[in-house]
1. Measure of size requested: the Rg and Dmax of the protein assembly as shown, with Cα atoms as the atom set and Å as the unit; please supply both.
2. How much of the accessible area of the protein assembly as shown, probe 1.4 Å, is carbon plus sulfur, in whole percent?
3. Enumerate the aspartates and glutamates that A:K25 could reach by cross-link, defined here as Cα to Cα under 18 Å, with residues fewer than 8 away along the same chain left out.
4. Looking only at other chains, what is the average number of their beta-carbon atoms within 10 angstrom of each beta-carbon in B:71-80?
5. Which residue fluctuates the most in chain B, going by a Gaussian network model with Cα springs under 10 Å, if the choices are B:I112, B:I61, B:I147?
6. Go through region B:88-118 and flag every residue whose accessible area shrinks by 20 Å² or more with all protein chains in place compared to the isolated chain (probe 1.4 Å).
7. Please compute, over every Cα-Cα pair in region B:55-99, the percentage with a separation greater than 18 angstrom.
8. Please compute the modelled spin-label separation between B:Y51 and B:T104, points set 7 Å along Cα→Cβ, answer in nm with one decimal.
Amino acid sequence: MAYPSGNALYPNWKVTAWQELSSFKSLDQSGVNGVYCCLVQIQAPNPNISYTYSNAHTFYTDLIAPNSGSPQSAIFNVGGSPNPGALQQQITTATLNIVGAAPVFDGDDVTFLQVTNIFAGFNSVGALVLFRMNAGLSSTWRLVYYCDTGAGFPVLPNGGNVTIQWNAGGIFAI
Amino acid sequence: MAPALYPKWKQAVWQEAHTAANDVSLDQGDAAHGVYCALVTLGGGAGQYTYNATHTFYSDITSGSIQGTPLQITAPTVSLAANPVAGGQGGLFDGNDCTFVPVTGTAVGALILYRHNPGANTTWRLVYYYDTTGFGLPVTANGGNVIVSWSPSGIFVL
């Protein structure tokens with residue numbers, strides 16, 4: 001996917017929905033089984049701290065930056081409460097309602113508090129990634145949606161808050 | 001109309017209550033849980049079906065509009081493939097062709113695919129509707145066989 005790439009549902013997530021044995025794919029749960037959002041760095045000069053979308057990506061651990069020593073080195077850190085140190089925020093009040101002829105996923109806006117980059121140097125939020133969490137390992141958290149197009153991108157975090165305000169029509173349609 | 005995936009089915013595959021009930025998957029090959037194809041007569045009268053985006057279950061198909069006996073799509077597969085409409089990649093559903101033997105009744109104007117389960121037909125989810133003219137539709141049932149030959153590219157992609 002070349003940049004600017006646009007927004008995409010991860011294909012492996014769509015396929016999963018039709019497979020009997022694949023679990024942890026629903027979008028209407030909360031808490032540990034909810035849908036979460038993280039801020040990622042793309043197109044950084046240093047590939048060790050940069051994520052590049054791929055149709056083949058399936059799980060949270062695929063957000064790895066190539067050749068980096070950290071699985072999530074491209075993800076921004078959230079410094080403030082209620083989850084200091086967390087890399088993601090839940091999309092609360094998640095709904096999946098039919099609008100017209102398509103199910104639309106929607107939820108509350110998300111505010112990341114006191115966003116910093118855990119790595120020095122290039123420091124720009126270029127994309128959002130939504131994933132379906134579960135109580136197991138992050139290698140089982142399914143990637144759902146990639147978004148690098150929208151008003152406000154890129155964001156240069158300075159330790160302040162970053163608020164993600166979804167489109168009034170919803171986050172994405174299927 | 002253009003072929004359509006029933007919106008209620010698309011919604012159900014991402015709702016916990018339905019995925020946990022195991023009644024939405026497309027990759028099951030056994031007769032009880034397979035995907036079936038029905039031939040239907042179109043129209044607004046008795047014994048005729050008209051697509052509606054709110055239709056959800058097999059029981060939403062107008063009584064008497066199904067011609068012959070629905071057939072299971074054997075060897076179902078779910079895989080990744082290019083999506084020629086939306087771009088990028090999507091999930092592709094494919095399976096073996098269906099031969100309906102013999103078919104009598106009135107003209108067949110559309111195909112409806114649905115997901116069977118061992119319960120009542122009020123729980124069999126409608127998946128896909130296809131009524132594009134040409135490529136053999138509509139077809140008049142005359143007591144002979146009706147062969148549904150899917151595109152080499154697959155049945156549908158989302």
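The values are calculated or read from the model by the stated rules, or taken from the named source; none is laboratory data. The model shown is predicted, which means the values in this text are computed figures rather than measured ones. For neighbour counting, all protein chains shown are included, and Cβ atoms are generated from backbone atoms with ideal geometry for every residue, glycine included. Side chains are part of the model used for accessible areas, which takes the heavy atoms of the whole protein and leaves out ligands, DNA and RNA. Shrake-Rupley method; radii C 1.70, N 1.55, O 1.52, S 1.80 Å.
1. Values for the protein assembly as shown (Cα only, Rg and Dmax): 22.7, 75 Å.
2. For the protein assembly as shown, the apolar C and S fraction of the accessible surface comes to 54 percent.
3. Candidates past the 8-residue exclusion: A:D62, A:D106, B:E16, B:D23, B:D27.
4. Across the residues of B:71-80, the mean count of other-chain Cβ atoms within 10 Å is 2.
5. Of B:I112, B:I61, B:I147, the most mobile in the Gaussian network model is B:I147.
6. Residues losing area: B:Q89, B:G91.
7. Percentage above 18 Å: 56.
8. 3.1
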